[in-house]
Each structure stands twice: as C-alpha cells, then as structure tokens.
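A.B. asks: Below is one structure. I have some questions about it.
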Amino acid sequence: MELTLPTSGQTVQPGKIICIGRNYAKHAAEMQSDVPQEPMIFLKPSTALVGHGGRVLIPRKSSDVHHEVELVVIIGRGGKDITAERALDHVDGYAVGLDMTARDIQAEAKKKGHPWTVAKGFDTFAPLGEPVPAREVNNPQGLDITLKVNGEVRQAGNTEDMIFPVAHLVAYCSQVFTLMPGDLIYTGTPEGVGPVKEGDVLEATISGLPPLRVRVKTES
C-alpha cells in the first residue's frame, strides 16, 4: 500500500509500522496490565495495511480478533535521536487507524513470554484512514477518539489521556530506530476494546480527521 504524505505530497511505501502498547491507563487496566514506565513498542509489517473502505480479515488461526482505535502519526522528515522539543517538526500528518489484534494468540504468547508479532501482524491488521497535514491538527493531545461497531459506540476517549504524548513517542522511537519518511506510529488505544465478527462494520473517528470505515470478513 502506497502512502501520499499529506504535507509534502511525496508518495512513499511505508517502511516501519511502530505501535505503542498500553498508552492509555484505563486500557492497561482493562487488560489487567501495569502502566508502563516507558513506551512499550511492537511492530507490524507493511502488509498489514489496508485503506478506508477495505476489509479486515479474521484469520483462520484465530477465533477472537479485537478492535483497537488509534491516532496514527505519519513521519515526513526522518531523523535519529530527535528531541521532544523538535519532534512535531518531523510529523507530516495524522490519520485514524485500527490496531487489530488476535487476542487469543496474544494471550497464549503472553503466557509463554513470547513476542506479539503473530497476534498483531496478520494481513489487514493495520487499517489506515486518509491522512491530513499536520498543520491542520493544532494539538494532537486534545482529540476525541471513537470507534463504532455497526453504529454502536464501543470505544470513546481523548488523546489527552495518553500516558506518553505524541512528541515523546516520536523522540523515543527515534532513539531506537532511524525514522524515515512514511514511517507510521500507532499511538495506542483507549479502553473499550472488544471482539469483531463476520459482517461487522467498524467506523473509527478522531476530531478533524477523515473517518475510517472497514468491514470484517472471515478468511476463506
């Protein structure tokens, strides 16, 4: 899936999909997990991306796939060891995203102390809405974030409740990875995650951003 950076207009193939776990305290609590002392990072492959109007596939390996609505940061200017003070200068745009999770596979991985890659990385497990230029988002820490399933609100929160704000996440990730244009940071989900099933329509919205709508289908 190619991505057109909304500010620069450059077309890129997203490289890294960097995801942040447990970045809302109430979500950590509902998962019966501790609040992290520093950002908890995992990765998804670029093949997990699917756009607005696409389909999320429930894989044959899982019987319990959950939705997680997130603000997505789109990197426009790369860098390494970026300071928090300059971090937002490296953001080209923002979009609505979903971090789909095979919860049964994740639970088994947690039990064994294994990574989450399989639970998070299936094809179509990173839906991404149309991005807007960063300049159109005055404050990424003051956005209402909602997910509806078949018209019913399942998740509702505000990005002000992030444990680690966007600037901190960009700076922290750049200490680990050299960030490149088109890299995506999925910034975590508020509470209310839950299962999806064949035929469900997921509609994710964040203040000022184009909505993201996808339909769920069982993999044949």
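A.B. asks: Give the residue, chosen from Leu98, Leu169, that is within 29 Å of Gly199 (Cβ to Cβ) and not polar (S, T, N, Q). Working first, answer last.
C.D. replies: Numbers: Leu169 fails: within 29 Å of Gly199 (Cβ to Cβ).
Every option except Leu98 fails the conditions.
A.B. asks: For Asn158, work out the one condition from (1) over 24 Å from Gly15 (Cβ atoms); (2) touching a residue at least 60 places away in the same chain (Cβ under 8 Å); (3) surrounded by fewer than 18 Cβ atoms within 10 Å (Cβ to Cβ) it doesn't fulfil.
C.D. replies: With (1) over 24 Å from Gly15 (Cβ atoms); (2) touching a residue at least 60 places away in the same chain (Cβ under 8 Å); (3) surrounded by fewer than 18 Cβ atoms within 10 Å (Cβ to Cβ) applied to Asn158, the lone miss is (2).
Okay, residues lined up against (1) surrounded by fewer than 17 Cβ atoms within 10 Å (Cβ to Cβ); (2) part of a loop (DSSP other than H, G, I, E, B); (3) out of contact with any helix residue (DSSP H, G or I) (no Cβ under 7 Å at 6 or more places or on another chain); (4) among the small types (Gly, Ala, Ser):
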| site | (1), (2), (3), (4) |
| --- | --- |
| Ile18 | no, no, no, no |
| Lys26 | yes, no, yes, no |
| Ala29 | yes, no, yes, yes |
| Ser33 | yes, yes, yes, yes |
| Phe42 | no, no, no, no |
| Val50 | no, no, yes, no |
| Gly53 | yes, yes, yes, yes |
| Arg60 | yes, yes, yes, no |
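A.B. asks: Also, quick follow-up: Can you pull out every residue in segment 119-164 that is among the basic types (Lys, Arg) and either within 17 Å of the chain's Cα centre (by Cα) or part of a strand (DSSP E or B) (or both)? First the steps, then the outcome.
C.D. replies: We begin by selecting, within segment 119-164, every residue among the basic types (Lys, Arg); these are 120, 135, 148, 154.
Selection gives Lys120, Lys148, Arg154.
A.B. asks: Within segment 179-191, which residues are surrounded by fewer than 19 Cβ atoms within 10 Å (Cβ to Cβ) and over 15 Å from Pro14 (Cβ atoms)?
C.D. replies: Once the filter is applied, which keeps residues that are surrounded by fewer than 19 Cβ atoms within 10 Å (Cβ to Cβ) and over 15 Å from Pro14 (Cβ atoms), segment 179-191 yields only Glu191.
A.B. asks: Filter segment 84-118 for residues that are part of a strand (DSSP E or B) and of a type in the set (Gly, Ala, Ser); which is farthest from Phe177 (Cα to Cα)?
C.D. replies: Of the residues in segment 84-118, the ones part of a strand (DSSP E or B) are 91-98, 101-102.
In the following step, the residues that additionally are of a type in the set (Gly, Ala, Ser) were identified as 93, 95, 97, 102.
On the way: Gly93: 19, Ala95: 21, Gly97: 21, Ala102: 26 Å.
Restricting to residues being part of a strand (DSSP E or B) and of a type in the set (Gly, Ala, Ser), the top hit is Ala102.
Only the coordinates and a few stated rules stand behind these numbers; no lab work does. A quick note: this is a predicted structure, and the numbers were derived from the prediction, not measured. Don't worry about glycine lacking a Cβ; one is built from the backbone with ideal geometry, like all the others, and counts go over all protein chains shown.
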